[in-house]
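Asker: The structure is given below, and queries will be raised subsequently.
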Amino acid sequence: AVGLGMGVIGYDPFVDAETFQNEDIRLVELDELFRLSDFITVHTPLVDSTRHLLGRAAFERMREGVRIINCARGGIVDEEALCEAIDQGRVAGAALDVYENEPPGGRRVTAYDAILTTPHLGGSTREAQLNVGLAIARQVGDFLTRGVVQNAANAAPVTGQTRARVGPFLDVGERIGSMAAQLLNGVLKRVVVTVYGERCKADARMLATSVLK
């Protein structure tokens, strides 16, 4: 969405505003998200507090013509309330590949032209498994040969261009972090990494990760 030039807002009770800002997303409260969004996508597990998170009360607070996308977990969207909101013109459309009961055949939610429904396959097709394996192999190879990091769970992404620009600084950061750890007397509770220069500031998160490594 950011790449398409869209303004992106998000809500997460466990993530701070700085993390959102690093991804060009503005952190807002849930009510504000409902009120301002043209498209709402769901990225949350299904627990007691998120069951029917998008229900009648939520749809009433949304702007008219909103579109809903749920590829997270069935049950987060109240399907009956969604159908009612479409009937009322509050919701313009929705896309679902997860459902309260699976398979969803015969349910009301599958009968609406305004609701795009696809099977809940995830990455379980033969083609997906093959492509995932190939992608992982390529990414491991890129890291071992060029130092390029993609889709890491606990590290900032590093492209070949970025590696060429700040590679020496990453090596320095690792050495500084290693030296600080050896000199440390006691338990480390907080680390502050300060960088100077336009080249470094643009990749400050990556440099901080190298120090912590």
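The values are calculated or read from the model by the stated rules, or taken from the named source; none is laboratory data. Predicted model, so just to flag it, every value in this text is computed and none were measured. Cβ atoms come from the backbone with ideal geometry, glycine included; neighbour counts cover every protein chain shown.
Asker: Just to be sure I understand, how many residues within segment 99-130 are part of a loop (DSSP other than H, G, I, E, B) and touching a strand residue (DSSP E or B) at 6+ places or on another chain (Cβ under 6 Å)?
Answerer: Total meeting the criteria: 1.
Asker: Quick one: would you say I136 is surrounded by 11 or more Cβ atoms within 10 Å (Cβ to Cβ), of a type in the set (A, V, I, L, M, F, W, C), at pLDDT 80 or above and under 28 Å from the mean Cα position of the chain (by Cα)?
Answerer: yes
Asker: Assuming R138 fulfils every condition listed in (1) at positive phi; (2) free of Cβ contacts under 8 Å to residues at least 12 places away in the same chain apart from one, which condition is it?
Answerer: (1)
Asker: Then there is this: Report the residue count in segment 72-92 for those that are crowded, with 19+ Cβ neighbours inside 10 Å, in a helix (DSSP H, G or I) and not hydrophobic (A, V, I, L, M, F, W, C).
Answerer: Within segment 72-92, residues that are crowded, with 19+ Cβ neighbours inside 10 Å, in a helix (DSSP H, G or I) and not hydrophobic (A, V, I, L, M, F, W, C) number 1.
Asker: May I pose another question? From the list V211, V166, V193, exactly one residue is part of a helix (DSSP H, G or I), among the β-branched types (V, I, T) and modelled with pLDDT of 80 or more. Which is it?
Answerer: Just one listed residue meets the conditions, V211.
Quick grid of which residues meet (1) closer than 24 Å to G160 by Cα; (2) touching a residue at least 60 places away in the same chain (Cβ under 8 Å); (3) surrounded by 10 or more Cβ atoms within 10 Å (Cβ to Cβ):
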residue: E174; (1), (2), (3): yes, no, yes
residue: S178; (1), (2), (3): no, no, yes
residue: A181; (1), (2), (3): no, no, yes
residue: N185; (1), (2), (3): no, no, no
residue: L188; (1), (2), (3): no, no, no
residue: Y196; (1), (2), (3): yes, no, no
residue: R205; (1), (2), (3): yes, yes, yes
residue: S210; (1), (2), (3): yes, no, yes
residue: K213; (1), (2), (3): yes, no, yes
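Asker: Given the residues E60, E32, which is the only one that is within 22 Å of A114 (Cβ to Cβ) and of a type in the set (D, E)?
Answerer: On inspection, the qualifying residue turns out to be E60.
Asker: Quick test of your reading of the structure: A1 fulfils all but one of (1) over 30 Å from D203 (Cβ atoms); (2) loosely packed, with under 14 Cβ neighbours inside 10 Å. Name the failing condition by number.
Answerer: Against the list (1) over 30 Å from D203 (Cβ atoms); (2) loosely packed, with under 14 Cβ neighbours inside 10 Å, A1 comes up short only on (1).
Asker: Check whether at least one residue in segment 102-118 is closer than 23 Å to D12 by Cα and out of contact with any Ser or Thr (no Cβ under 8 Å at 6 or more places or on another chain), and report yes or no.
Answerer: No: segment 102-118 contains no residue that is closer than 23 Å to D12 by Cα and out of contact with any Ser or Thr (no Cβ under 8 Å at 6 or more places or on another chain).
Asker: Applying the selection to segment 1-33, what residues are part of a helix (DSSP H, G or I) and within 18 Å of the chain's Cα centre (by Cα)?
Answerer: A17, E18, T19, F20, Q21, N22, L30, L33
Asker: Also, quick follow-up: With the structure loaded, tell me whether V47 is outside any loop (DSSP other than H, G, I, E, B), within 19 Å of the chain's Cα centre (by Cα) and exposed (fewer than 15 other Cβ atoms within 10 Å of the Cβ) or whether it fails that test.
Answerer: Taking the combined requirement at face value, the residue does not satisfy it.
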